[in-house]
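The values are calculated or read from the model by the stated rules, or taken from the named source; none is laboratory data. Given the structure is predicted, the values throughout are model-derived calculations rather than measurements. Ligands, DNA and RNA are excluded from the accessible area calculation, which covers all protein heavy atoms including side chains. Shrake-Rupley method; radii C 1.70, N 1.55, O 1.52, S 1.80 Å.
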Amino acid sequence: AEIIKERGYDQYETSLTPTADVVDMAQQTISLKDVLLNEGSKLGVKADFSAKPRPDQPGCGLHVHVHLE
């Protein structure tokens with residue numbers, strides 16, 4: 001996974017490995033979420049996956065890129 005700092009306060013973008021397997025994509029997404037929640041908890045922070053967690057900051061949200069041949 002690639003992690004990039006975004007514009008919002010404590011906001012990061014994560015890119016998972018591209019795959020044509022939708023089930024694999026879902027499993028990667030769930031695994032990443034679990035890791036972020038568990039590791040954040042160990043550090044005393046909470047990962048928030050809502051689209052706009054702070055009204056005064058840019059929004060964010062899950063999106064999927066699809067390549068059609």
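Tabulated results
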{"quantity": "Surface per residue (accessible, 1.4 Å probe) for the chain, Å²", "calculated": "87 Å²"}
{"quantity": "Proximal aspartates and glutamates to Lys33, defined as alpha-carbon separation beneath 18 angstrom and excluding residues fewer than eight positions away on the same chain", "calculated": "Glu2, Glu6, Asp10, Glu13, Asp24, Asp48"}
{"quantity": "With all protein chains modelled, accessible area of Leu68 [1.4 Å, Å²]", "calculated": "150 Å²"}
{"quantity": "Accessible surface of the chain, 1.4 Å probe, proportion on carbon and sulfur as whole %", "calculated": "57 percent"}
{"quantity": "Between 0 and 90°, nearest 10: helix 22-43 axis offset from the chain longest Cα axis", "calculated": "20 degrees"}
